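Asks: Below is the structure I would like to discuss, written out as structure tokens.
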Amino acid sequence: MLLARYQHELIEAGCDEAGRGCLAGPVFAAAVILPPRFKHKLLNDSKQLTEEVRYELRFEIEKKAIAHAVASVDNIEIDKINILNASFLAMHRAIEKLHLKPQFLIIDGNRFNKYADTPHHCIVEGDAKYLSIAAASILAKTYRDDFMKQIAQEHPEYHWHSNKGYPTIKHRETVLKLGYTPYHRRTFRISDPQLSIF
């Protein structure tokens, strides 16, 4: 069972990102402040859920969260500042968009660039441990999926509607055959698809 919060004195927001390991598209991040007594039996790490359940949960999270926000950093910015910094920047942008300022942040992962003067704590696999991080993971993932489905219509041959920009063998083969689109991250290694799955 996921925990409601890391600490109980300060207003706490959970943060997570989606799309770090992709060859194409932005990295998205979300920040979520949940009510103290928020519960949902299905809420878990977005990677453990079906697409249908993720979208069902997104509706519940947005309806019941005290505050929530989603932001992104595009592939051009990713190539300039690297994916790790881009992930932190996307989280910063999401936190900035919250209509209620959090006093404490819990971050999925083991590293984070400090946001302003707000204290934070990094939690490895936090999306499987804390409700607000799990909620953030669902918002980041579903909003990124929506974006990838939208741009898939411009470049259907890359199958972003199904692979969402991740480096599947088929995706990498298409890049090697047809080249990059304006949405591809040029600093990411494509490599020979025969070598391994990733």
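The values are calculated or read from the model by the stated rules, or taken from the named source; none is laboratory data. It should be emphasised that the depicted structure is a prediction, and the values quoted were computed from it without experimental measurement. Don't worry about glycine lacking a Cβ; one is built from the backbone with ideal geometry, like all the others, and counts go over all protein chains shown. Only protein heavy atoms, including side chains, enter the accessible area calculation; ligands, DNA and RNA are left aside. Shrake-Rupley method; radii C 1.70, N 1.55, O 1.52, S 1.80 Å.
Asks: Explain nothing, just the number: dipole magnitude of the range 110-198 about its Cα centre with +1 on each Lys and Arg Cβ and -1 on each Asp and Glu Cβ, in debye rounded to the nearest 20.
Replies: Dipole size: approximately 180 debye.
Asks: Pop out the ³J(HN,Hα) list for the range 79-87 in order, Karplus 6.51 cos²θ - 1.76 cosθ + 1.60 with θ = phi - 60°, rounded to Hz; leave Gly and Pro as x.
Replies: 5, 7, 10, 6, 5, 5, 5, 5, 4
Asks: Calculate the spin-label point distance for residue 150 paired with residue 74, positioning each point 7 Å from the Cα along the beta-carbon direction, and give it in nanometres.
Replies: Label-label distance for residue 74 and residue 150, simple model: 1.2 nm.
Asks: Please list, in chain and number order, the residues 5+ apart from residue 23 or on another chain whose amide H is under 5 Å from its amide H, with Hs placed from the backbone.
Replies: Distant-sequence amide H within range of residue 23: 166.
Asks: Would you pull out the residues with amide H under 5 Å of residue 3's amide H, same chain only if 5 or more places away, H placed 1.01 Å from N?
Replies: The list, which skips near neighbours in sequence, is 130, 131.
Asks: What ³J(HN,Hα) values, in whole Hz, does the Karplus curve 6.51 cos²θ - 1.76 cosθ + 1.60 give for the range 18-25 when θ = phi - 60°, with x put for Gly and Pro?
Replies: Per-residue couplings from phi come out as 9, x, 5, x, 7, 8, 9, x Hz.
Asks: What is the packing order of peptides 176-184, 139-147, taking the mean over residues of other C-beta atoms within 10 Å and listing the highest first?
Replies: The peptides rank, most packed first, as 139-147, 176-184.
Asks: Apply the Karplus parameterisation 6.51 cos²θ - 1.76 cosθ + 1.60, with θ equal to phi minus 60°, to every residue of the range 177-190 and state each ³J(HN,Hα) to the nearest whole Hz, in sequence, with x for glycine and proline.
Replies: Coupling constants for the range 177-190: 7, 9, x, 7, 9, x, 9, 7, 8, 6, 8, 8, 6, 7 Hz.
Asks: At 1.4 Å probe size, put 108, 74 in order of accessible surface, largest to smallest.
Replies: Greatest to least solvent exposure: 74, 108.
Asks: Mind listing the long-range amide H neighbours of residue 67? Cut-off is under 5 Å, sequence gap 5 or more, other chains count too, H placed in the peptide plane at 1.01 Å from N.
Replies: 33
Asks: Quick check on my link table: of 80/177; 80/101; 80/114, which ones sit more than 22 Å apart, alpha carbon to alpha carbon?
Replies: Beyond 22 Å: 80/177; 80/101.
Asks: I would also like to ask the following. In the chain, carbon and sulfur make up what percent of the accessible area (probe 1.4 Å)?
Replies: 54 percent
Asks: In addition: Going highest first, how would you order 161-170, 28-37, 128-137, 109-118 by mean Cβ packing within 10 Å?
Replies: Ranking, from highest mean packing down: 128-137, 28-37, 161-170, 109-118.
Asks: Which lysines does residue 64 reach when only Cα atoms under 16 Å apart count, and residues fewer than 8 places away in its own chain are ignored?
Replies: 39, 41
Asks: Compute the projected area of the convex hull of the Cα atoms of the range 1-66, averaged over all viewing directions, and report it in nm² to one decimal place.
Replies: Seen from a random direction, the Cα hull of the range 1-66 projects 5.4 nm² on average.
Asks: Solvent-accessible area per residue for the chain at a 1.4 Å probe radius, Å²?
Replies: Dividing the accessible area of the chain by its residue count gives 51 Å².
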